[in-house]
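Working notes for the structure below.
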Amino acid sequence: MKIDIPELALVLLVGPSGSGKSSFGRKHFLPTEVISSDFCRGLVSDNENDQSATGDAFDLLGAIVRKRLARGKLTVIDATNVQPEARKTLIELAREYHVFAVAIVFDLPERLCQDRNASRPDRQFGPHVVRNQLQQLRKSLRGLEREGIRYVFKLSSVEEVDAATIERQPLWNNRKSEHGPFDIVGDVHGCFDELLELLRVLGYSVEMQNGQYAAQPPEGRKLIFVGDLVDRGPQTPEVLRLVSRLVHAGQAFCVPGNHDVKLVKALRGRDVKLTHGLADSMRQLEKESPEFRLEMAKFLDGLISHYVFDDGKLVVAHAGLKESMQGRGSGAVREFALFGETTGETDEFGLPVRYNWAADYRGKALVVYGHTPQPEPLWLNNTVNIDTGCVFGGSLTALRYPEKEIVSIRAHETYYESKRPFLPDAENAPAAERSMQQASDDVLDIADVIGKRLVDTALLPRITIREENAIAALEVMSRFAIDPKWLIYLPPTMSPCETSKEPSLLEHPQEAFSYYRHEGVPHVICEQKHMGSRAVVVLCREESVSQRRFGVISPSLGAVYTRTGRRFFNDDATESAFLLRLRDAAEASGLWAELATGWLCLDCELMPWSSKAQELLRQQYAPVGNSGVQALRAEEAVLAKAAERTPGVDALQEKSSQRLDALDRYVREYRQYCWPVNSLDDLKLAPFHLLASEGAVHTDKRHTWHMELLARFCKADERLLLATPFQVVDLNDSASCDAATSWWTDMTSVGREGMVVKPLDFITNGRRGFVQPAIKCRGPEYLRIIYGPEYLLPENLTRLRSRAVGAKRSLARREFALGVEALERFVHKEPLRRTHECVFGVLALESEPVDPRL
């Protein structure tokens, strides 16, 4: 006997003690799938036969079942389950988690069960127990389906039990193996002409052949319709004729809408009210043949409530679907997919007030739906409503997946007047309107960032954010950060090269070149490293963009913040003037038009060091240097006098002279990075990455693209902006490597910090995943600031050579992956909490115990 069960179900093994349920469970199911009442009794009492522990055992069993069903795991209950009251609780659990209940009944002869129990020393109970269990089973056998069990399979002999096989059938809504790409079409409502036009724009050709429509889709793409094909519009029969043909040809999927379901009832003679456009559909269908009406009723009635695509990443349902219902099968799931959720109230137009389920959605799957018309596609918490009210004079909209690109066609006319106005009044519409998503993001939930978290990114899976690091990040973010709406990116830390083999150096370009050469990278770019403060600039072309795209309440041209999310400028006027200069430079250099964007995100260095850093230099570094110089000069004078009277102090004099020279260099070095700032012209901003703009994260471009584009940007305001010098190096050409090394030597010999070496491609794969995005190589004089004025003395240099960069490189890769992921999520208009998951992760990782001097 073949037993077909749904892939997700609650399976009840029903039968008396000794009927072979446990053996059957072990044979056909995973050990983790079978929950035994005896085992649970043993867990709570250390004795599987202690009947006094039965209540606690079933409490435990119920808790396990809840957890498994919530995670979408098939679960098998190994208990007698012969009484209706014993089954009732389990059937209610199946309903609660929207899974099918299945019963496999072991109706075997009483003597067989008695003999099996007699052979087991742990089953020494009277024969009346099995007799009563069999009587209870047979008494309720015919009513199992009425209790709510969807599938019942009865095994009546040992031979049937031994011959039984289990086959797990995918749920009808399971299309996880369909990966797309898809074109998902919103509510059509009989607007056939607009549908044809939309399909042509999407790249589909549609023709009539032998009285049937034939379509040629773009290569690899399929259509998905979100339902409500019918009512209100002028050509319902043609819409049905086309969509049904596409579905039967395997070129499209379609879920039912509430209007489609109501039309089926009307076509089958049910007593339904001909309202909300149903009368229009019936009049149009009266002109068609009875066979056509019968065929369309069958087609619509056979549609599945919702579909789950692309390994669970995409869910399509007419009115949307909560995460707990996705991929499940029950009447409640179908009801929600068709109608959504209402509050039980009606508005001033007599229409039901709908509960905004999407406002609370936290699922990983993108849910695409329609049902409630909106003037524009409505993105909210990884859901999107694409019903833009074509039949009411709005537009017919499609979402291209996975691109998340919106394609819309304006309605040719208003076919039906909407009771509830939804199209905006053009005259009274605000200049910049914050979206529902942005309004929802005004209140951030601390639960989205605290505790231990595992963050999946495209570059690195499951990056661990430890709870203690998250607490440290929360302190910084909540006390010092700018408006969270601007925090779409934080830059990663950067690892230095391996310790140099040169006798008097800690860092040298050859070590950076060797690393990339070893990883199989043929070309790198060397960029001059500016000694400033890392700055992220989010720049808007117009103030209205800040509200429309970033959702801030007070309009501005953007924000400038540090690598820990703090404001750079303490007063709004200075920041506004700074951003205005950058906005004008972007306009003059043609960036806005070239990138077709209203905003930019730039990774930069701002010089001189920020006021906080300058204060640190004055209070910490300068006193060390100045007082040290004074002390050593006094020491040198004492030694000079001692040399006149006492021979043998030459070595002390030489060492003192070396230390004095080191301190002199130290003082000169830190002074290069501080100067007074009295106006914007005293600042220098050196942008080196154009990270993102509307619709694009520019990590797919080579670094030369970034440098050349930003050089043009800098030329538009050379008083404020500084282009970064760079060289491209062929790692397989020794002359090219030597030239870059000489360039580094020339820079560092006059006190420049050094250079940053990067693979030519922004993201480059090596032997084990992507390679370091950048390696810094700092000059010997600059490193005095980091390691102290006397770090090059032989005894100090020997100790410092033991530094290890492995932990720093691991940190740099993880932070880089999180930063890129944050930008991708923002550009693709995911909820702010999803972007902040990554941004917050970068800040949390910064508190990991890594040597800060590296």
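Just the C-alpha atoms of segment 31-171: what Rg/Rh do they give, with Rh taken as the Kirkwood radius? Result: Rg/Rh = 0.95. Straight-line reach from Lys21: taking Cα to Cα under 18 Å and skipping same-chain neighbours fewer than 8 places apart, the lysines in range are Lys2, Lys154.
For the pair segment 381-416 and segment 698-763, the centres of their Cα atoms are 46 angstrom apart. Across segment 189-231, Cα-Cα distances exceeding 16 Å account for 44% of all pairs.
Starting from 0.36 nm per residue, how many nanometres of slack lie between Gln51 and Lys27 once their C-alpha separation is accounted for? Write out the running numbers ahead of the final one.
Values: separation 24, 0.36 × 24 = 8.64 nm, distance 2.68 nm.
That works out to 6.0 nm of additional length.
Compare Leu321, Leu444 by solvent-accessible area with a 1.4 Å probe and give them largest first, with all protein chains kept in place. Don't skip to the answer; put the middle values down first.
Working: Leu321 0, Leu444 80 Å².
The ranking, largest first, comes out as Leu444, Leu321.
The share of alpha-carbon pairs in segment 726-802 lying farther apart than 22 Å comes to 41%. Rolling a 1.4 angstrom probe over the protein heavy atoms with all chains in place gives the chain an accessible area of 45 Å² per residue.
Counted residue by residue at 0.36 nm each, then reduced by the alpha carbon distance between them, the extension gain from Glu718 to Thr798 reaches 24.4 nm. Taking all protein chains as shown and a probe of 1.4 angstrom, Lys715 keeps an accessible surface of around 150 Å².
Its Cα centre serving as origin, the chain has a Cβ charge dipole (Lys and Arg +1, Asp and Glu -1) of approximately 1980 debye. Computed over segment 1-114, the P(r) curve from all C-alpha pair distances, binned at 5 Å from the origin, holds 2, 12, 22, 25, 23, 12, 4, 1, 0 percent per bin.
Ligands, DNA and RNA excluded, the heavy atoms of Trp744 present near 10 Å² of accessible surface to a 1.4 Å solvent probe. The alpha-carbon of Lys222 sits under 26 angstrom from the alpha-carbons of these lysines, leaving out residues fewer than 8 places away in its chain: Lys176, Lys298, Lys313, Lys322, Lys364, Lys404, Lys829. Helices in the chain, meaning DSSP H runs of at least 4 residues, each add -39500 (n - 2.57). Divided by all residues, the mean residue ellipticity at 222 nm is -12000 deg cm²/dmol. Karplus-derived 3J(HN,Hα) values for segment 849-854, using 6.51 cos²θ - 1.76 cosθ + 1.60 with θ = phi - 60°, are x, 10, 3, x, 7, 6 Hz; glycine and proline are entered as x.
Taking every pair of alpha-carbon atoms in segment 486-566, give the share separated by more than 17 Å as a whole percent. Numbers along the way, then the final one.
Values: 2110 of 3240 pairs.
Of all Cα-Cα distances in segment 486-566, 65 percent exceed 17 Å.
Semi-axis lengths, largest first, of the ellipsoid equivalent to segment 67-130 are 30, 12, 11 Å, with √(5λ) applied to each eigenvalue of the Cα gyration tensor.
Centre-to-centre separation between the Cα atoms of segment 795-854 and those of segment 199-263: 49 Å. Largest first, the residues Ile166, Ile77 sort by 1.4 Å accessible area into Ile166, Ile77.
Ordered from highest to lowest accessible area with the whole protein assembly present and a 1.4 Å probe, His259, His518, His828 read as His518, His828, His259. Annotation: aspartates and glutamates with alpha-carbon distance below 13 angstrom to Lys701 (same-chain offsets under eight excluded): Asp761. Projected label points at Ala359 and Glu159, each 7 Å from Cα along the beta carbon direction, are separated by 6.4 nanometres.
State the label only: which of [x] 36.3, 114; [y] 31.4, 101; [z] 35.6, 126 corresponds to Rg and Dmax of the Cα atoms in Å computed from the shown model? Computing Rg and Dmax of the Cα atoms in Å and matching it to [x] 36.3, 114; [y] 31.4, 101; [z] 35.6, 126 gives [z]. Only one residue of Ile471, Leu202, Leu818 has its Cα farthest out toward the positive end of the dipole of the chain, where Lys and Arg carry +1 and Asp and Glu -1 on Cβ, and that residue is Ile471. Surface composition of the chain: carbon and sulfur atoms hold 50% of the protein heavy-atom accessible area at a 1.4 Å probe.
Here each label is just a point 7 Å from Cα along the line to Cβ, and for Asp738 and Arg462 those points are 4.9 nm apart. 3J(HN,Hα) along segment 208-219: 9, 10, 6, x, 10, 6, 10, 10, 10, x, x, 4 Hz, from the Karplus curve 6.51 cos²θ - 1.76 cosθ + 1.60 with θ = phi - 60°, whole Hz, x for Gly and Pro.
Between Asp445 and Thr414, residue separation times 0.36 nm minus the direct Cα-Cα distance comes to 7.0 nm.
Close amide H partners of Leu366, meaning residues 5 or more places away or on another chain with modelled amide H under 5 Å apart, are Leu314, Val315. State, to one decimal in nm, how far the label point of Arg479 lies from the label point of Asp682, with both points 7 Å from Cα in the Cβ direction. It is 2.9 nm.
The values are calculated or read from the model by the stated rules, or taken from the named source; none is laboratory data. Please read all numbers here as calculations on a predicted model, not as lab measurements. Counting neighbours? That spans all protein chains shown, and the Cβs are built from the backbone with ideal geometry, glycine included. Please note that ligands, DNA and RNA were not included when accessible areas were found on the heavy atoms of the full protein model with its side chains. Shrake-Rupley method; radii C 1.70, N 1.55, O 1.52, S 1.80 Å.
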